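Asker: Submitted below is the structure of interest, expressed as structure tokens.
The values are calculated or read from the model by the stated rules, or taken from the named source; none is laboratory data. Computed from a predicted model, the values in this text were never measured in an experiment. Positions of Cβ are generated from backbone atoms using ideal geometry, with glycine treated the same way; all protein chains shown enter the neighbour counts.
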Amino acid sequence: MIHLKNVEKVYRTSSIETLALSNINLHIQKKEFVSIMGPSGCGKSTLLNIMGLLDAPSQGTMELDGNPVNNFQDKALARLRNEKLGFIFQSFHLINDLSVLDNVEIPLLYRRSSARERRLLAQQALEKVGLSNRMSHFPRQLSGGQKQRVAIARAIVGRPEIILADEPTGNLDSAMGNEILSILQQLNSEGATIVMVTHDEAMAKRTHRLVRLFDGSQVL
Ligand code: ADP
Ligand code: ADP
């Protein structure tokens, strides 16, 4: 499903070059739940950005379903991102002026679905994360765990095959974190492929496979 071959990422600023990733080889199978761990600065976000088509490798290839993504134009990449991928972040990234329901509909605005269809899909996604009773609330009225559940609903509303989560439990206490992980496990058992960055060994143990990074390299 996701295949990185000899991926290297170099960030160049005016004065310095940072080798953020070096010789990464990683094959993520359909329906796998993979966690990525490693100290701060080891390249976890860079790796997730490359898998999420938000950034391109400096060397090597990133393939999605067997297609090298460097063959795609920006517009095609944006479409792939919208259709195939759902993103979840540590700090939720909800829009405070929009209701829960409107937040969840956002990814569908880039598609040709009707307002009615959008509403229905958003309602279904919120049901899935147990937040049907909060649809007209605003993010500030929710707990951290509830906000993350809204963010998960937004990530899955377009039924992506892949969910990329960057420390989804990092801002939550352990009870809420466990709840979020259970939701991700449930989505995975229903067919979603999930890649999750985490600092939490206990969370990583609940996934199928752990990839460790150190200084931009895979620890084997
Ligand atoms: P992690 O997510 O594991 O903390 P990152 O992928 O954010 O690590 O960063 C890996 C390395 O790349 C770090 O040394 C970081 O300072 C550097 N880096 C990340 N993003 C940029 C950028 N946009 N420009 C320059 N250097 C960057
Ligand atoms: P139906 O076609 O009867 O709506 P689905 O199995 O397609 O049933 O979807 C049921 C629920 O699962 C939906 O609410 C949807 O949000 C969620 N869902 C479907 N596919 C995925 C996926 N790949 N990742 C996460 N959630 C999904």
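Asker: Starting from residues that are out of contact with any Asp or Glu (no Cβ under 9 Å at 6 or more places or on another chain) and more than 16 Å from ligand 1 (Cβ to nearest atom), keep the ones in region 1-26 and report whichever is nearest to PRO57 (Cα to Cα).
Answerer: Selected residue: ASN6.
Asker: Still on this model: What number goes with the only condition from (1) touching a Pro at 6+ places or on another chain (Cβ under 9 Å); (2) small (Gly, Ala, Ser); (3) within 16 Å of ligand 1 (Cβ to nearest atom) that GLY170 does not pass?
Answerer: Single failed check for GLY170: (1).
Asker: Now, a different point. Those residues that are farther than 17 Å from MET196 by Cα, buried (at least 20 other Cβ atoms within 10 Å of the Cβ) and either out of contact with any Asp or Glu (no Cβ under 9 Å at 6 or more places or on another chain) or at pLDDT below 95 (or both), I need them from region 27-63; list them, please.
Answerer: Hit for region 27-63 is MET62, nothing else.
Asker: Oh, and also: Grab the strands (runs of 3 or more DSSP E) fully contained in region 168-220, keeping just those with 2 or more residues being within 14 Å of ligand 2 (Cβ to nearest atom).
Answerer: It comes to 193-197.
Asker: Now for a different question. Give the residues of region 187-201 that are of a type outside the set (Ser, Thr, Tyr) and touching a helix residue (DSSP H, G or I) at 6+ places or on another chain (Cβ under 8 Å), sorted by residue number.
Answerer: Within region 187-201, LEU187, ALA192, ILE194, VAL195, MET196, VAL197, ASP200 qualify.
Asker: On to the next question. Between a first residue in region 101-122 that is among the hydroxyl-bearing types (Ser, Thr, Tyr) and a second residue that is surrounded by 13 or more Cβ atoms within 10 Å (Cβ to Cβ), which pairs have beta carbons less than 6 Å apart while being 6 or more apart in sequence or on different chains?
Answerer: TYR110/ASN82
Asker: Checking the conditions here, which among ARG116, ARG140 is surrounded by fewer than 18 Cβ atoms within 10 Å (Cβ to Cβ) and within 16 Å of ligand 2 (Cβ to nearest atom)?
Answerer: ARG116
Asker: If you don't mind, there's one more thing I want to ask. Given the criteria closer than 21 Å to ARG206 by Cβ and at pLDDT 95 or above, does PRO168 qualify?
Answerer: Against the criterion (closer than 21 Å to ARG206 by Cβ and at pLDDT 95 or above), PRO168 qualifies.
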